[in-house]
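The values are calculated or read from the model by the stated rules, or taken from the named source; none is laboratory data. It should be emphasised that the depicted structure is a prediction, and the values quoted were computed from it without experimental measurement. When we count neighbours, we look across all protein chains shown, and the Cβ atoms used for this are built from the backbone with ideal geometry, even at glycine. Just so you know, the surface numbers come from the protein's heavy atoms only, side chains and all, with ligands and any DNA or RNA stripped out. Shrake-Rupley method; radii C 1.70, N 1.55, O 1.52, S 1.80 Å.
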Amino acid sequence: MKAMSPLLLLIEDDPQFQRLLSTTLETQNYRVLGFTSGQEGLIAARNSQPSLVILDLGLPDIDGQEVIRRLRKWSEVPVIVLSARDQESEITQALDNGADDYLTKPFSTAVLASRIKALLRRVAKVPGGAQEIFQVGELKIELTRRRVFVGTQEVSLTPIEFNLLCVLVRHAGFVVTHRQLLEKVWGPSHIEHSHYLRIYMGQLRHKLEADPARPRYLLTEAGVGYRLYEGEN
Ligand code: CA
């Protein structure tokens, strides 16, 4: 059984914290390889082919951002970054560099475990990502037919609203940065136009949420981007 469990690569320079995380994850039946520097971590990523990488952004040798950039040149392995509090720009940059998710220290190991599970589950799905129909709670989105329902009621969306929703559906459960959304929906020349996002997200919430001021599906990740709720794990 042990040999079948997913291998996690943990790159964290605080030895105490690393031990705590390793122990916790091992009790959840993961195998964990721990390293305290970016250099060692990158070598291990090549040699041991982990299922997922957990990466602290503040490392003594190579900056965590650089680790992600180097890793992404040859690997699609899912990456969760760990960062200190009040480093929103760091988080955004990490996601733009190709990280899949993030946690801000201090975080609960239960939350980390559920994020790992969600990422591994997403990777296990067929390439191309989202199924043709996405459903959570009252919300149902038919991607190929471009139709959206809240309960039994069909909701009419503009092409931009629908495209924006589509990007979130394809990353359901994971944060998509402002930059990524602007680039995918409006194009690379619009990555500075974050007010577009605020306007269109407001419209989408108005059409899809029971209470747009307290969204249940279209969640804000403060200073970073948006996340579409994908249900309980
Ligand atoms: Ca650190």
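Quick notes on this one:
- In segment 30-65, residue farthest from the chain's Cα centre (by Cα) [restricted to those that are in a loop (DSSP other than H, G, I, E, B), surrounded by 14 or more Cβ atoms within 10 Å (Cβ to Cβ) and away from the ligand (no atom under 14 Å from the Cβ)]: Y30
- Just one of the numbered conditions (1) surrounded by fewer than 16 Cβ atoms within 10 Å (Cβ to Cβ); (2) modelled with pLDDT under 95 is not true of E154: (2).
- Condition met for I68 (open to solvent by less than 70 Å² (accessible area, probe 1.4 Å), touching a residue at least 12 places away in the same chain (Cβ under 8 Å), within 15 Å of the ligand (Cβ to nearest atom) and part of a helix (DSSP H, G or I)): yes
- Exactly one residue out of L218, L143 is in contact with a Cys (Cβ under 8 Å, 6 or more places away or on another chain) and surrounded by 14 or more Cβ atoms within 10 Å (Cβ to Cβ), and it is L143.
- Each residue in segment 71-88 was checked for being touching a residue at least 40 places away in the same chain (Cβ under 8 Å) and either within 15 Å of the ligand (Cβ to nearest atom) or over 20 Å from S114 (Cα atoms) (or both), and 2 of them qualify.
- Residue within segment 4-11 that is over 22 Å from A118 (Cβ atoms), surrounded by 15 or more Cβ atoms within 10 Å (Cβ to Cβ) and within 12 Å of the ligand (Cβ to nearest atom) present: no
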